[in-house]
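Visitor: Here you go, one structure.
The values are calculated or read from the model by the stated rules, or taken from the named source; none is laboratory data. No experiment lies behind these values; they were computed from the predicted model shown. So basically every Cβ, Gly included, is an ideal-geometry build from the backbone, and we count neighbours across all protein chains shown. Just so you know, the surface numbers come from the protein's heavy atoms only, side chains and all, with ligands and any DNA or RNA stripped out. Shrake-Rupley method; radii C 1.70, N 1.55, O 1.52, S 1.80 Å.
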Amino acid sequence: MGRRVLVTGLGTFWGGRVAQALEADEDVDVIIGLDTDEPQVRLERTEYVRSDENYSILSRIVQATGVDTIVHTFLVIDSTQASSRTVHETNVIGTMNLFAAASAPGSTVRSVVVKSASLVYGCAPQDPYWFRETSRRSATPRTSIERSLLEVEGYVRDFATDNPHVRLALLRFSNVLGRDIVTPLSTALALPVVPKLAGFDPRFQFVHETDVIAAILFVMSQRLAGVYNVAGDGQVPWSEVASIVGKRTAPLLPYGTGVAAGALRRLGVVDLAPEVLSLLRYGRGVDNRRLKEAGFRYGYTSSGAVRAFAEEMRLRSTVGTREREYRYQEDVERWFRHSSAVLRNESNR
Amino acid sequence: MPEADRTRTSRATRKQPDRVGSARGPEGETAALVHLPVPERHDTPWSVDPTRVGDVDEWGRSENMRALARKLYAPLYEKWFRVEWEGLDKIPTEGGALIVANHAAAIPSDAPAIMHGIETELERPVYGLADQYFKRLPFVGTMWARTGGVVAHPDNAYRLLREQQQLVLVFPEGSKGPGKTYNERYRLRRFGRGGFVEIAMRAGVPIVPIAVVGAEESMPILFKLPALSKALGLPYAPITANMLLLGPLGTVGYFPAKFKLRVLDPVSFDDVEPDQLRYSRSRIMDESEAIRQRIQGELYDMLRHRRSIWFG
């Protein structure tokens, strides 16, 4: 019997891509995707289940389907996308329900992959220049998004302690850039002038979106357990990021930045969350050697990811935003998956 | 106000397979990140990005900026302070080493003198560890990082000394050294909690002590304003002799004191294994105190032979 995989956050960028990649894997028999929103990419055999944001339905699904692997990509790491209430429901309660389901008596789950972010290390002047997976935070968390991700870390730790038979991998990604992903930093870089804090030029570390998907699949296929930082080689000063993208920088006053950021948000220019502002002040670096030692090869360095992003942005400025090629239609998808008219043999899988 | 104190607040991480175990209580739970044991290997070379366009390296240094700073500082070094070295050959020309020195002057003038001297004479870069306070300052903090300043974190020190085999400069007195008033000059403060010894042991590198004479008189503190320093978030707010004599220029202008630097015999810890989780606290404190006493002794010796503050 092949593997049976549950992907949370199927409607997110990551969940959809991971499911697409899993569909190509013949060893994977069943893929179930959970999300509050419909998938945004075309999926052939993944079964989409609509759920509420805190996954109260999850334990029923795990029991009914007997999945052996859960890929948890649904954590919110961008606080501008959701209210702090939603962040709490999704990250904390969602993860709690997920691990509750996975550790229920008679659970068939043997492998869990959690996609988190290097945001958990925080961002403070006293930080080491490169966080290792074993490093501690240097400062107490101030934002609700960081606190929620730290609670997730707590659930991960408890689950790992209580369920030594389950292979658990936690991936901490640094800031992601790429063709499709929209993050606060990519939005900032897409502005006519790039915001910066006057007098500060911190080092940033990026990872390309394809490397993110590759890392998740790598961890699954290599059956890795443990915590891994995922980030491109090297660090790039923010001024150099702006110059690669070919933009001038607009300095914000380094004092009272919260007020200036609030004004920019209300004007609809850009939403610079507190954790992004502290990143623009002090930057953050993570040590990516552990995953490399496990055999993973990055496609992009930090500056390579910025360059690739700049190229995509230039293309977009010429041809415009591409139409979404795919729209999820429930009846069509159900027909494809369950109609007796559709030929089901190995070749059209 | 370079500072070594931070070097033992958390320990270099290498051989610490299980940090989560030390989480305490519900507060500690959130502070400690989850750690799942993974077999550690450390033979992967540190890779830098070869396709970069800028020249700001992984430590925030820029060679262009450093070349410029050297050019601007050279007249000050040669003509103003007339820096004189003794025993420069005791500084290793290859391999990592931790340089420690006494620390003085309201805006410390010893760090650039030591770094410039070693970099020009030995043609080896020196990384100056300093308090995170610098990183908080706009403009100044960026310039500080571009010209060779690194936040004094044990992980940073370990990476520089052990993995990259660099020369690292640290002032174990921290901000207590430059923050002392003129009547206490050349009397060394406590050497923190000996974190610099522990780092050197863990990194398996020698400690090279340097005794500096002259910095104390380049910008002596007459008295301090504790209320102001508290209000501004500064380590100390001094009124210097320079301010009284030179007016506004005195906030940054040094007196032309004659600098004499004496490099002492390096201390190696060949009997302890590097990369240990912990080292004997008593051994660390003994070594730290011994180094402090030696620097103090040399300072007294140098002062005995000094005929003039301005001409040496």
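Visitor: Considering only residues that are part of a helix (DSSP H, G or I) and touching a strand residue (DSSP E or B) at 6+ places or on another chain (Cβ under 8 Å), look in the range A:220-239 and name the one that is most open to solvent (accessible area, probe 1.4 Å).
Guide: A:Ser239
Visitor: Taking strands (runs of 3 or more DSSP E) that do not extend beyond the range A:118-206, which have at least 3 residues that are more than 8 Å from chain B (Cβ to nearest Cβ) and open to solvent by 30 Å² or more (accessible area, probe 1.4 Å)?
Guide: Qualifying strands (runs of 3 or more DSSP E): none found.
Visitor: Run B:Gly250 past the list (1) in contact (Cβ under 8 Å) with a residue 40 or more places away in the chain; (2) assigned to a helix (DSSP H, G or I); (3) surrounded by 14 or more Cβ atoms within 10 Å (Cβ to Cβ) and report the number of the one that doesn't hold.
Guide: Here B:Gly250 clears every test but (1).
Visitor: A further question follows. Looking only at the range B:116-127, filter to residues that are open to solvent by 10 Å² or more (accessible area, probe 1.4 Å) and touching a Leu at 6+ places or on another chain (Cβ under 6 Å); which one of those is nearest to A:Thr257 (Cα to Cα)?
Guide: Among them, the one singled out is B:Tyr127.
Visitor: Return the residues of the range B:258-312 that are charged (D, E, K, R) and crowded, with 16+ Cβ neighbours inside 10 Å; say none if nothing qualifies.
Guide: Result: B:Lys258, B:Lys260, B:Arg262, B:Arg283, B:Glu287, B:Arg292, B:Glu298.
Visitor: Given the residues B:Gly141, B:Gly214, B:Gly117, which is the only one that is within 14 Å of chain A (Cβ to nearest Cβ) and modelled with pLDDT of 90 or more?
Guide: B:Gly141
Visitor: Next question, about the same structure. Which one of these does B:Leu261 not meet: (1) closer than 30 Å to B:Val83 by Cβ; (2) assigned to a helix (DSSP H, G or I)?
Guide: Condition not satisfied by B:Leu261: (2).
Visitor: Scan the range B:88-96 and give yes if some residue there is assigned to a strand (DSSP E or B) and either on the phi < 0 side of the Ramachandran plot or buried (at least 16 other Cβ atoms within 10 Å of the Cβ) (or both), otherwise no.
Guide: Here is the first cut: in the range B:88-96, the ones assigned to a strand (DSSP E or B) are none.
Checking the range B:88-96: not a single residue is assigned to a strand (DSSP E or B) and either on the phi < 0 side of the Ramachandran plot or buried (at least 16 other Cβ atoms within 10 Å of the Cβ) (or both).
Visitor: Restricting to the range A:66-89, and then to whatever is polar (S, T, N, Q) and in contact with a strand residue (DSSP E or B) (Cβ under 6 Å, 6 or more places away or on another chain), can you tell me which residue is surrounded by the most Cβ atoms within 10 Å (Cβ to Cβ)?
Guide: Restricting to residues being polar (S, T, N, Q) and in contact with a strand residue (DSSP E or B) (Cβ under 6 Å, 6 or more places away or on another chain), the top hit is A:Thr73.
Visitor: Right, another one. Could you figure out which of (1) in contact with a helix residue (DSSP H, G or I) (Cβ under 8 Å, 6 or more places away or on another chain); (2) crowded, with 19+ Cβ neighbours inside 10 Å; (3) assigned to a helix (DSSP H, G or I); (4) of a type in the set (Gly, Ala, Ser) isn't true of A:Gly94?
Guide: Every listed condition holds for A:Gly94 apart from (1).
Visitor: So, in the range A:51-65, exactly how many residues are open to solvent by 10 Å² or more (accessible area, probe 1.4 Å), of a type in the set (Val, Ile, Thr) and outside any loop (DSSP other than H, G, I, E, B)?
Guide: 2
Visitor: Contact list please: Cβ distance under 6 Å, first residue in the range B:228-246 and in contact (Cβ under 8 Å) with a residue 60 or more places away in the chain, second residue of a type in the set (Ser, Thr, Tyr), pairs at least six apart or on different chains.
Guide: Short answer, once both residue conditions are applied: B:Pro235/B:Ser175; B:Tyr236/B:Ser229.
Visitor: Given the residues A:Phe200, A:Phe173, A:Phe204, which is the only one that is within 24 Å of A:Val76 (Cα to Cα), in contact with a Phe, Trp or Tyr (Cβ under 9 Å, 6 or more places away or on another chain) and in contact (Cβ under 8 Å) with a residue 12 or more places away in the chain?
Guide: Answer to the selection: A:Phe204.
Visitor: Go through the range A:36-50 and give me each residue that's assigned to a loop (DSSP other than H, G, I, E, B) and either at positive phi or surrounded by fewer than 20 Cβ atoms within 10 Å (Cβ to Cβ) (or both).
Guide: A:Thr36, A:Asp37, A:Glu38, A:Val41, A:Arg42, A:Glu44, A:Arg45
Visitor: Can you find, within the range A:8-35, the residue that is most open to solvent (accessible area, probe 1.4 Å) among those that are among the small types (Gly, Ala, Ser) and more than 22 Å from A:Gln81 (Cβ to Cβ)?
Guide: Residue satisfying both the conditions and the ranking: A:Ala24.
Visitor: All but one of (1) part of a loop (DSSP other than H, G, I, E, B); (2) in contact with a Phe, Trp or Tyr (Cβ under 6 Å, 6 or more places away or on another chain) hold for A:Gly33; state the number of the condition that does not hold.
Guide: Result: A:Gly33 fails condition (1) only.
Visitor: Pick from the range A:294-306 the residues that are part of a loop (DSSP other than H, G, I, E, B) and small (Gly, Ala, Ser): which of them is farthest from the other protein chains (Cβ to nearest Cβ)?
Guide: A:Gly299
Residue-by-condition table, conditions (1) at pLDDT 95 or above; (2) within 11 Å of chain A (Cβ to nearest Cβ); (3) open to solvent by 70 Å² or more (accessible area, probe 1.4 Å):
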| residue | (1), (2), (3) |
| --- | --- |
| B:Thr44 | no, yes, no |
| B:Pro50 | no, yes, yes |
| B:Val56 | no, yes, no |
| B:Gly60 | no, yes, no |
| B:Asn64 | no, no, yes |
| B:Ala67 | no, no, no |
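Visitor: Any chance the range A:19-32 includes a residue that's under 24 Å from A:Leu149 (Cα atoms) and in contact (Cβ under 8 Å) with a residue 40 or more places away in the chain?
Guide: No, the conditions are met nowhere in the range A:19-32.
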